[in-house]
Amino acid sequence: MNDYRHVEVLPLTGALGAEVRGVDLRQPLREEVWEEVLRAYDRHLVIWFAEQTIDHAQHLAFARRFGDLIRIPQIHSLEGEPFVQIVRREATDTGRVVGESWHTDSTFMDRPPAAVVMRAIDVPPHGGDTGFSNMALAWDSLSPAFQRMIEPLRAVHSGTRVFGSAYHAQQRKYAATSAKADLADLEMADRETVHPVVCTDPRTGQRHLYVNRVFVQRFEDMSAEESRPLLEFLYQQQERFDLTCRVRWRNGQVLVWDNRRSQHRAVPDYAGMRRYLTRVTVGGPRPA
Ligand code: SIN
């Protein structure tokens, strides 16, 4: 749908993702421009702006348009800028790339991030893309009978496999500069919280799946073994290729993803190259 007058919107795939042109993020956005940016975001869930020469203050100011800022506990912030957090892997780093499995960020929190605004500072000339998948389409793809069956379910989430006891037991260490685990307290990582399996976006009323491989442990009141087959089916549905897009980063690019209605994964194909981005996280209500 092309009903934009102030910006140009170029969808990437039929599922999600669009580049928005005609916006200079150094300036506060005029209301009529902001209204169209938000419309593009609600339609495409992942939007980006190329060649932005912004500083941390402008990054923060743009992110604040989406809601109150929060920090996720498991990664470092820039010195003196608590809400600007670091996603960095040096050329010499080895080990796993942070975020390489499909996930929604930090769903172990009672009020997980609603959106993330990420800015590319020094990214490889090729490789290091981010894949995204549309959780509203994943919900829509299920039959009405199956939807009715899973609608009442709630899932137990925790950070244990990412920075808690399960992570330490596995010894699958992340690169030192990816800043995992050393910041966060085990108790927080192992703590469990419960969210509905099917949620409704408060602004658009759109329904979407809300389970992910990284943080979900099991369905509430069921064992992990009982939960696994149904969870695995939902994950496979969520990761269907036709529900995805893959975004290529360029220095200066600023990207916003809806962290409730989409999932994402980092593509670990840039060994020997530096990748440095900063991210600002936007909070939201409890998923419901
Ligand atoms: C993340 O998983 O939050 C980061 C994604 C990326 O580095 O592409």
What number of residues in the range 186-203 are farther than 15 Å from GLU220 by Cα and assigned to a strand (DSSP E or B)? 2
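Could you please find all residues in the range 106-125 being of a type outside the set (A, V, I, L, M) and not in a strand (DSSP E or B)? Working first, answer last.
Filtering the range 106-125 down to residues of a type outside the set (A, V, I, L, M) leaves 106-108, 110-113, 119, 122, 124-125.
Scanning the range 106-125 gives SER106, THR107, PHE108, ASP110, ARG111, PRO112, PRO113, PRO124, PRO125.
When the range 13-44 is examined, which residues are found to be of a type in the set (A, V, I, L, M, F, W, C) and touching a helix residue (DSSP H, G or I) at 6+ places or on another chain (Cβ under 8 Å)? I'd like the intermediate steps shown before the answer.
Residues of the range 13-44 of a type in the set (A, V, I, L, M, F, W, C): 15-16, 18, 20, 23, 25, 29, 33-34, 37-38, 40.
Those that are of a type in the set (A, V, I, L, M, F, W, C) and touching a helix residue (DSSP H, G or I) at 6+ places or on another chain (Cβ under 8 Å): ALA15, LEU16, ALA18, VAL20, VAL23, LEU25, LEU29.
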ARG246 passes all but one of (1) under 15 Å from the mean Cα position of the chain (by Cα); (2) crowded, with 17+ Cβ neighbours inside 10 Å; which number fails? (2)
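Within the range 269-288, can you find the residues that are part of a loop (DSSP other than H, G, I, E, B) and either closer than 12 Å to VAL84 by Cβ or out of contact with any strand residue (DSSP E or B) (no Cβ under 9 Å at 6 or more places or on another chain) (or both)? Give the derivation first.
Step one: list which residues in the range 269-288 are part of a loop (DSSP other than H, G, I, E, B), which gives 269-274, 283-288.
Within the range 269-288, ASP269, ALA271, GLY272, PRO285 qualify.
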Do you know which residues across the range 243-254 are more than 9 Å from the ligand (Cβ to nearest atom) and either under 27 Å from PRO152 (Cβ atoms) or not in a loop (DSSP other than H, G, I, E, B) (or both)? LEU243, THR244, CYS245, ARG246, VAL254
Of everything in the range 267-288 that's surrounded by fewer than 20 Cβ atoms within 10 Å (Cβ to Cβ) and aliphatic (A, V, I, L, M), which residue is farthest from the ligand (Cβ to nearest atom)? ALA288
Of the residues in the range 1-52, those that are within 22 Å of the chain's Cα centre (by Cα) and small (Gly, Ala, Ser) come to GLY14, ALA15, GLY17, ALA18, ALA40, ALA50
Positions within the range 118-171 being of a type in the set (D, E, K, R) and within 16 Å of the ligand (Cβ to nearest atom), in sequence order: ARG119, ASP122, ASP129, ARG161
What number of residues in the range 67-102 are assigned to a loop (DSSP other than H, G, I, E, B) and within 12 Å of the ligand (Cβ to nearest atom)? 9
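Computed from the coordinates by the stated procedures, all read-outs in this text should not be read as laboratory data. This structure is a prediction, so every number in the text was calculated from the model and none was measured. Positions of Cβ are generated from backbone atoms using ideal geometry, with glycine treated the same way; all protein chains shown enter the neighbour counts.
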